[in-house]
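Structure record follows, encoded as structure tokens.
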Amino acid sequence: MSASEVVLELAASPEFFPVARSVTENASLAMGLEKAEARRVAMATEEIFMSLCKSAPGRKLSIRCTPGGYCVITEFVFQDPGFPLEYFNMTSSVSTSNEQDMANLGLLVASRIMDGFSVERDDSGRFMLKLIKEKCYPRHTGEGASHLAPLTAFSVRKADSEEAAYAAAQAVGLYPAHALPRQFLHPRMLADRIDFGGATAAVAVGPGGEIAGIVAWDLSSSGSMVECHGPFLLTRDGNPALCEALLDFCIGDIAKLPVMGLINRRHNRDIPIHYFETVGSLPLTAGNGETFQAPAYFRQMQEDAGCNVWAHESLEEFLEKQYARLCLPRKILRPLGRALDPLSRSVLFSEFDRNAGNVTFLPVSPGRDILPNVEAHLNMANKEAIKNVFFGIDLGRPWQADFAPAVLQAGFSPRYILPYAGCGDMAFFSL
Amino acid sequence: MTTCALPDFDRLVPPHIKCFEAYIPSKPDDVLMQYYGCASLLRLNNNENPLGPPEESRQAILDFPPNRASVYPSGDAYHLRRKLAERFGMDLDQFLVGNGANEVIAFVIKAFCQEGDNIVTADKTFAVYEWVAQFSGFEARTVPLKDYGFDDEAMLAAADERTKIFFVCNPNNPTGAYWDRNKLLNFLNRVGNKSIVVVDEAYCEFVEKPDFPDAMELLPQYPNLVTFRTFSKMFGLASLRIGYLAGSLEVVDIIRRTCVVYSVNALAQAAALAALESKHHIENTRALVREAKEYLHHEMNSLGLFTVGEEGCYLMVRLPMSDSLAYRKLMSQGVMIRTMTGFRFPNFIRVSVGEMPAMQRFVHCLKNILRESGHD
Ligand SMILES: Cc1ncc(COP(=O)(O)O)c(C=O)c1O
């Protein structure tokens, strides 16, 4: 346990419900959330705790509250190997009378209250239901930003949080909103993330100390990918050398980390795209209904030693084409079918990013009901009015191959492969 | 049967190990060739000597009686050290032989660093100094290069009273830049007796410049100086794993306390001993490197590609694309180079010098991938 976190261990029994609620609410307040946000954490805790009392009565769990700088993370951790996995399927409907479905509904309600909601499984088989509530940040309008005059000389260095927030605010005035990540649109969020160690930024500085460009980056939750934002240029000229120097700095900073790739999901005219490979793109619908293709620029951080991937035949053609196009050394293997218990139910994790209107479904365990389960999840996303629905299959796990035909049948199309983004390569689908 | 739970890693694993990434060496040729679908593989990634070991070492390897495999080697490479002492006019106890120069890096760090100490080196150099320090729990202060060479002033500025060792790679891998005699002497004078200065001369035998300093000659004047040498590069014995360090008697006496005896096998000792007798090997290798580098420089320039690599048996080339993509594309044509992203030189590759046909094949394949990606 780290010095700044709060951990509560208890059983999923209704009498402990007030304890769980008050601990998460008070921890959230202590970790910097305003009253309204802390109350929402308490409400989500209530939904999850009550649903746990139904699906896993009396089972032990711990609740961990951790400050994230820009947010508070509340995790429900299940150490118990016998924990009912079906709990994580978010496919219930209000009209159902089934107890399990009612329990799942609790998760769904909790996910609506939070900014981020996901389920993770760590190496030791522990499950973590992770809820993220962000602090409330004002959105920057970009007012007052103007291009600097071209620079004759510059140097690049790590930015402190104030410099980064300043440069992000300038970028808001100079780039279209869809080119900017959330933490740029809310520059104080970027500052908090940097102060907390959750994000890093570099700036290019001119001879007079003027900040002429910025790039920011953060580690994915799995730790295998780094996402980079930018570079963004604040001078009037297109200055490729400056943008390359910013990216060089970012790459140098992560070069010795156990990171497989660097990814950039937002196009802007100043990104030196020859540093990346375009692995594909995703159709996205923004909050205002505008649709666009979001590219996935990828840069491999290691020498690729080749690996095997597991895939259903329905995906083979797509994979072969992609692997040939990207020149990725892969051997595609078809897993031998496994005999599954006729009653086994498949389970999917749902990762919500409510602010972006996104959900990504990821398989957690196989079952006999894959197609109806995928369809039920799609239904749920529709009812929740989520605009962007994605599916990810980990090609490093043979049992996940069975999901491909159902995912395709449910209307998803494969969009791109992200090398080594999971246990092996990840294939991403969208509708 | 019950399965025990995993060890309590949270408590067992020190923080500096938790956040350290293991170095994964490349897979064997046969496996790589299968994945990349190439019929042969030209390894230009490890700065090996394309001529192989000297004739004298080849003979020593052939003469090695298989029966001796069952007998422990000399635990401290006695005969080899005696030969080195004779060669350099020093005492045999001024040498410590290791399982490659890599092993002696760890000896030095273990001998001088304790909790809270740091080492100072460059950010873009051979990474093992930094790694060993970090996974041993010590801070590695990495100072940016200046004009592709070690920045003496910045290294001195980065040091404090807890700096135990400076590591200088001379000539530098991968940039090929070197400190001349004056610069090294000035640095040693400035450091005084406050820290150990290691000069890694893994590639010194490739340098023909008259102002290149021989750290071995400076040992009598600077008792805090330690030099590393290896038989892996010029002497073509990389697979046998043998290298050594030399320093003053007093310093080596300290380092010896952390050194694992019997780590260097008998075949390696015999081959290295013979290598020191070689007559034309260095000359022949230098001639090959000179010709190949000239050719490479010329070809890269005509492709408009920027190169870095004054000295050493390697050359860095900056590509108009990601080095890891270029790696895959070259691999699928059977050519293996080293990507430089890990050395913090994004989009650079390092090519080890090979014989002319190998160099021509590399250039041909590189032209193919540039053409394919519209960069010709
Ligand atoms: C600068 C430098 N030092 C030391 C070594 C280690 O050599 P070895 O362990 O093979 O003796 C190398 C190998 O690449 C190197 O480049």
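The values are calculated or read from the model by the stated rules, or taken from the named source; none is laboratory data. Everything numeric here is computed off the predicted structure, so don't read it as measured data. Glycine also receives a Cβ, built like all others from the backbone with ideal geometry; neighbour counts cover every protein chain displayed. What goes into the accessible areas is simple: the full protein's heavy atoms, side chains included, and nothing from ligands, DNA or RNA. Shrake-Rupley method; radii C 1.70, N 1.55, O 1.52, S 1.80 Å.
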Hey, could you pull the Cα Rg and Dmax for region B:101-178, both in Å?
11.8, 33
Carbon/sulfur fraction of accessible area - chain B, other protein chains in place, 1.4 Å, %
53
Rounded to whole Hz and in sequence order, give me ³J(HN,Hα) for region B:13-30 from the Karplus expression 6.51 cos²θ - 1.76 cosθ + 1.60, θ = phi - 60°, writing x for Gly and Pro.
9, x, x, 6, 8, 3, 9, 9, 9, 5, 7, 9, x, 5, 6, x, 3, 4
Once the dipole of region B:295-345 is set up with Lys and Arg at +1 and Asp and Glu at -1 on Cβ about the Cα centre, which of B:314, B:304, B:327 lies farthest towards its positive end?
B:327
Taking the Cα centre of the protein assembly as shown as origin and charging only Cβ (+1 Lys, Arg; -1 Asp, Glu), how large is the dipole, in debye to the nearest 20?
780
Find the Rg to Rh ratio for the protein assembly as shown, where Rh is the Kirkwood radius over alpha-carbon pairs and Rg uses the same atoms.
1.00
For chain B, what mean projected area does the convex hull of the alpha carbons give, in nm²?
22.4
Using protein chains only and a probe of 1.4 angstrom, how many square angstrom of residue B:148 are accessible, to the nearest 10?
80
Mean separation of Cα contacts under 8 Å (6+ apart) over length of region A:206-290, as relative contact order %:
30
Assuming 0.890 mPa s and 25 °C, estimate D for region B:34-160 with Stokes-Einstein, Rh taken as the Kirkwood radius over Cα pairs, in µm²/s.
130
How shielded is A:254-260 by partner chains, expressed as the average number of their Cβ atoms within 10 Å of its Cβ atoms?
5
A convex hull over the alpha carbons of region A:111-232 yields, per residue, a volume in Å³ of 122
Normalised contact order of chain A, rounded percent, pairs of Cα under 8 Å and 6 or more residues apart
11
Rank these by accessible area, largest first, 1.4 Å probe: B:250, A:244, A:75, B:48.
B:250, B:48, A:244, A:75
How big is region A:303-431 in terms of Cα radius of gyration and Dmax, in angstroms?
14.6, 44
If amide hydrogens are placed 1.01 Å from N in the peptide plane, which non-local residues have theirs closer than 5 Å to the one on residue A:79?
A:62
Highest GNM mean-square fluctuation, chain A, Cα pairs closer than 10 Å: which of A:415, A:188, A:338?
A:338
On each of the three principal axes of the Cα atoms of region B:203-244, give max minus min coordinate, whole Å, ordered largest first.
34, 24, 9
Listed residues B:359, A:426 arranged by accessible area, highest first, probe 1.4 Å
A:426, B:359
Computed over chain B: relative contact order in percent, which uses C-alpha pairs under 8 Å that are six or more apart:
23
Could you work out the Kirkwood radius for region A:381-423, taking every pair of different alpha carbons, averaging 1/r and inverting it, reported in Å?
11.8
Scattering profile of region A:155-300 at q = 0.16, 0.19 Å⁻¹ [log10 I(q)/I(0), Debye over alpha-carbon scatterers]
-0.83, -1.19
What lysines could a cross-link reach from residue B:83, if we take a straight Cα to Cα line under 22 Å and drop same-chain neighbours fewer than 8 places away?
B:233, B:279
Under the span-like rule (Cα at least 18 Å along the axis, Kyte-Doolittle mean at least -0.5), DSSP H helices of chain A
A:17-30, A:35-55, A:99-113, A:161-174, A:240-254, A:370-383
Can you work out the accessible area per residue across the protein assembly as shown, with the rest of the protein chains kept in place, probe 1.4 Å, in square angstrom?
42
What's the percent breakdown of Cα-Cα distances in region B:230-274 across 5 Å bins, shortest bin first?
5, 20, 26, 19, 19, 11, 0
Over all distinct Cα pairs, what is the inverse of the mean 1/r for chain A, reported as the Kirkwood hydrodynamic radius in Å?
23.0
For region B:105-190, state which GluC sites (Glu not before Pro) are in a DSSP loop and have at most 16 other beta carbons lying within 10 Å of their beta carbon.
B:115, B:161
Most fluctuating of A:136, A:53, A:327 in the GNM of chain A (C-alpha, under 10 Å) is A:327
Tell me the accessible surface of residue A:163 in square angstrom (1.4 angstrom probe, heavy atoms of protein chains only), to the nearest ten.
40
Return, for the Cα atoms of region A:1-136, the radius of gyration and Dmax in Å, separated by a comma.
14.0, 44
Partner lysines for residue A:256 [C-alpha distance under 16 Å; skip if fewer than 8 residues away on the same chain]
B:18, B:124
Log10 I(q)/I(0) at q = 0.18 Å⁻¹ for region B:55-275, from Debye over equal alpha-carbon scatterers, is -1.35
What does the extension gain come out to for residue B:40 and residue B:375, with contour length at 0.36 nm per residue minus their alpha carbon separation?
118.0 nm
Cross-link partners among aspartates and glutamates for residue A:133, C-alpha distance below 13 Å, same-chain residues fewer than 8 apart left out?
A:25, A:34, A:37, A:75, A:115, A:353
Go through A:186, A:178 and list them by solvent-accessible area, largest first, probe radius 1.4 Å.
A:178, A:186
Amide H of residue B:169 versus every other amide H placed in the peptide plane: which residues, excluding those fewer than 5 positions away on the same chain, fall under 5 Å?
B:200
Taking only Cα atoms and a 10 Å spring cutoff, compute GNM fluctuations for chain B and point out the largest among B:312, B:149, B:75.
B:75
